[in-house]
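Everything below concerns the one structure shown next.
No lab work stands behind these numbers, since they all come straight from the coordinates. Model, not experiment: these values are computed from the prediction. No Cβ is skipped: glycine too gets one built from the backbone with ideal geometry, and neighbour counts run over all protein chains shown.
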Amino acid sequence: MMFWNSLLLALREIRRNLLRSFLTILGIVIGVGAVITMVTLGNGATQAIKDQVSSLGSNLLQVRPGQRMFGPGGGGAPQFKLEDVKAIRQQISGLAAVAPQVSRNATVVAGTNNWSTSVTGSNLDYFTAGNWALAEGRLFTPEEENAGQTVCVLGATIQKELYGSSSPLGENLRVKNFSCQVIGVLKAKGQSGMGRDQDDSVIMPLRAVQRRLLGSRDISNIQISVANADNISRVQEQLTTLLRERRRLGPGADDNFNVLDTRQIADALSGTTQVLTMLLGAVASVSLLVGGIGIMNIMLVSVTERTREIGIRLAIGALEREVLLQFLIEAVMLAALGGLIGIILATGASVLLAKLMQVPFTFNPTINLLSFVFSAGIGILFGYMPAKRAARLDPIEALRHE
Amino acid sequence: MSALIEFHGITKSYGQGQARFQALRGVDLCIEEGDFVAVMGPSGSGKSTSMNIIGCLDVPSGGEYLFHGTHVERLDRNQRALLRRHYLGFVFQGFNLLSRTTAQENVELPLLYRGESAGRRATAARQALQQVGLGGWEHHTSAELSGGQQQRVAIARAIATRPTLLLADEPTGNLDSQRSHEIMELLNSLNRDQGITVLMVTHEPDMAEYAKRVIHFRDGQVEQDERLRELAS
Ligand SMILES: Nc1ncnc2c1ncn2[C@@H]1O[C@H](COP(=O)(O)OP(=O)(O)OP(=O)(O)O)[C@@H](O)[C@H]1O
Ligand SMILES: [Mg+2]
């Protein structure tokens, strides 16, 4: 009963001072809005990176020459040979796919259209490891692969840029000084984590690219898909041992190749964005705190300004705790209202910004609820002191107050 | 008739040490239920101080105050608030209405603190406003009312709860003589028809004429106590 009365009185008071109430809660609105927007976008970015890395393929290991994890492979380190690939196949169990790769940037021409892209040579395992699916046509046959015939499978971007809506199947695509027959088109995957368009490539049998474009039998990169995720670290170890052996590295020598787990890249990248998200969230929380102090300030002014009103209430028979409750509810309602408006604005802003930044938007109930509860808590925290001061007033003194 | 208010040697002093000022110097008083008392006396003689003590807004420095046989000086802040809430109606010297609040809401306020339902509040408040001749003014805010009307809203607020005792500190202080007489008629009828005990401070002898008993204060003491009309027994 007493609670409802206090609620009613608090509501009346907020309604009576609409503009001031709004200005009071502006700090909370901005604070909550900033926190939620930051966290939502940060989570979106993390999610986007995870999605993109996992779209590269599942349980993937990248084996490259050289010690560095990123960048063009090698330096002085020797490249791999087909024998290395065979040895891996034979000596390590539990592999779903082993795809040796070479690539080279080249301009490809179809009719009057030309397009600069990367031409990759690999085997059939390439499509398994990378989770590629066909949109139309077929992949190369084992015979074509072994013979290194000039047949090619196009990424979706190439198809779009060179052939538009017509089907390229059976057409001849000119690559530098030779031409190859288009036998299939892959389904689109979209941008990868590093901003590279994965669909912008032409895939041919390994031999064809080695012979026609590179003129060498080197393999610059081996992509390995592990059948069972639990085995990844075992496979990683075995690969290292095997390759050290094959490359004749003594016990003291550093690896001159590296084996990289794509999940590690994903974790490293999303770890960074998570830290960034937390940091931004923390900065935004400070503004929430400032908003709370704003409420306390206004409530204190309000108590002074309304001293006579409080005196009247007390003289008429209001109990100390009723006055306390009224002021506290007023502060909490203001703060909660600010939180609510902040949540609504933040949701709108997040949807918009997520679209602009091309990250997925996910409504995060936890952070929304947390911000709401936190803002209401700020109302209690910063509303208590002014409320207590109001309730403690001496009715006669308060009535005398002008 | 039983005694509603009993003062036994009530003293009240303000301030400390050198600045100490004794506003009441031993007041003995007994007011019975159903009485209509006018309190008079020069400025600073302790009238408002006495009213505040009777109204349980303030506590005496010494002496005993019994309301309905209860020792008020032994009650704590909350208990005194409850006493005000349930038995007293106060008309303050300067109206003391809530600003930017309608007459209706002002009058409903003490009912709200009594925990009356919204329906009962609305009815009682409308009735009280009717009684003071402000039917139809319910939704005007204090700022839209004249001084006399505000004073009548203040009276409506004090009587809406049907208090046992109505305290009025210079209820006609800011009013012209015609309005003053109207207010007096109102207090008179509340006392006569509803049996509300009325205690009122006034400076004007013709207002005191309405009362059944006049008490004169001087220097914090009762100087004279005269009965104009007998109490109906
Ligand atoms: N809170 C206070 N602090 C100090 N002195 C006070 C206080 N309240 C009243 N007094 C003093 O007590 C004395 C009695 O005051 P009181 O208000 O009772 O007078 P009053 O009879 O009502 O006068 P008036 O007719 O002017 O209203 C005055 O001298 C006043 O200065
Ligand atoms: Mg006075």
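Using Cα-only point scatterers and the Debye equation, what is log10 of I(q)/I(0) for the stretch B:156-199 at each q in 0.13, 0.19, 0.21, 0.23 Å⁻¹, rounded to two decimals?
So the normalised log intensities are -0.27, -0.56, -0.68, -0.80.
With springs only between Cα atoms under 10 Å, which of A:ALA331, A:ALA346, A:ALA133 fluctuates most in a Gaussian network model of chain A?
A:ALA133
Suppose every Lys and Arg Cβ carries +1 and every Asp and Glu Cβ carries -1, with no other charges. What dipole size does the stretch A:168-318 come out with about its Cα centre, to the nearest 20 debye?
So the magnitude is around 520 debye.
For chain B, what is one quarter of the convex hull surface built on the Cα atoms, given in nm²?
If I average the Cα hull's projected area over directions, I get 12.9 nm².
What per residue convex hull volume, in Å³, do the alpha-carbon atoms of the stretch B:1-47 yield?
Details: hull volume 3.6 nm³, N = 47.
Convex hull of Cα atoms, per residue: 77 Å³.
Given the -39500 (n - 2.57) contribution per DSSP H run of 4+ residues, what per-residue ellipticity at 222 nm results for chain B, rounded to the nearest 500 deg cm²/dmol?
Mean residue ellipticity, 222 nm, calculated: -10500 deg cm²/dmol.
Nearest 10 degrees, 0 to 90: what angle lies between the long axis of helix B:77-87 and the longest principal axis of chain B (Cα atoms)?
Approximately 60 degrees, to the nearest ten.
Running Debye on the stretch B:53-141 with equal point scatterers at the Cα sites and no solvent, what base-10 log of I(q)/I(0) appears at q = 0.11, 0.16 Å⁻¹?
Computed log10 I(q)/I(0) values: -0.40, -0.75.
Restricting the count to DSSP beta bridges whose residues both fall in chain B, what percent are antiparallel, rounded to a multiple of 5?
If we restrict to bridges inside chain B, about 60 percent are antiparallel.
For Cα pairs less than 8 Å apart in space and 6+ apart in sequence, what is the mean separation divided by the residue count of chain A, i.e. the relative contact order in percent? Intermediate values should be presented prior to the final figure.
On the way: 732 pairs, mean separation 120.7, N = 402.
That works out to 30 percent.
Under 10 Å, Cα contacts only: if you run a Gaussian network model on chain A, which one of A:GLY250, A:GLY130, A:GLY184 comes out with the highest mean-square fluctuation?
Of the options given, A:GLY250 has the highest mean-square fluctuation.
Out of A:LEU334, A:GLN274, A:ILE316, whose Cα points farthest toward the positive end of the dipole of the stretch A:243-368 (charges: +1 Lys, Arg; -1 Asp, Glu; placed on Cβ)?
My answer, from the dipole projection, is A:GLN274.
So how strong a dipole does chain A carry about its Cα centre when Lys and Arg Cβ are +1 and Asp and Glu Cβ are -1, to the nearest 20 debye?
320 debye
Just the Cα atoms of the stretch A:78-255: what Rg and Dmax do they give in Å?
Computed over the Cα atoms of the stretch A:78-255, radius of gyration and Dmax are 17.3, 58 Å.
Have a look at the DSSP beta bridges in the protein assembly as shown and tell me what percent are antiparallel, nearest 5. Intermediate values should be presented prior to the final figure.
On the way: 61 of 87 bridges.
Of the beta bridges lying entirely in the protein assembly as shown, close to 70 percent run antiparallel.
In percent, how large is the relative contact order of chain B, given Cα pairs closer than 8 Å and 6 or more residues apart?
28 percent
Testing the spin-label approximation: label points 7 Å from Cα along Cα→Cβ at A:ALA87 and A:ASP255. State their distance in nm.
Modelled inter-label distance: 1.5 nm.
Pairs of alpha-carbon atoms within less than 8 angstrom and 6+ residues apart define the contacts here; what relative contact order does the stretch A:78-255 have, in percent?
For the stretch A:78-255, the relative contact order is 32 percent.
Semi-axes, largest first, in whole Å: what does sqrt of 5 times each Cα gyration tensor eigenvalue give for the stretch B:116-159?
18, 11, 9
Less than 25 Å apart at the alpha-carbon level, and either on another chain or at least 8 residues along: which lysines does that give for A:LYS50?
A:LYS187, A:LYS189, A:LYS355
So how far apart, in nm, are the two label points at A:LEU300 and B:ARG192 if each is 7 Å from Cα heading toward Cβ?
5.6 nm
For n ≥ 4 DSSP H runs only, could you compute -39500 (n - 2.57) per run for chain A, divide by its residues and tell me the 222 nm figure to the nearest 500?
Taken over chain A, the calculation gives -18500 deg cm²/dmol.
If each of B:ASP28 and A:ASP267 carries a label point 7 Å out from its Cα toward its Cβ, how far apart are those two points in nm?
Output for this residue pair reads 9.4 nm.
With Rg and the Kirkwood Rh both taken from Cα atoms, where does Rg over Rh land for the stretch A:281-387?
1.14
For the protein assembly as shown, how big is the tail of P(r) above 43 Å, as a whole percent of Cα pairs? Please list the in-between numbers first.
Numbers: 106145 of 201295 pairs.
Roughly 53 percent, rounded to a whole number.
Quick one, could you list the DSSP H helices from chain A stretching 20 Å or more along their long axis (Cα atoms) with average Kyte-Doolittle hydropathy of 0.5 or above?
What comes out of the filter, once short or polar helices are dropped, is A:18-55, A:262-305, A:320-357, A:365-392.
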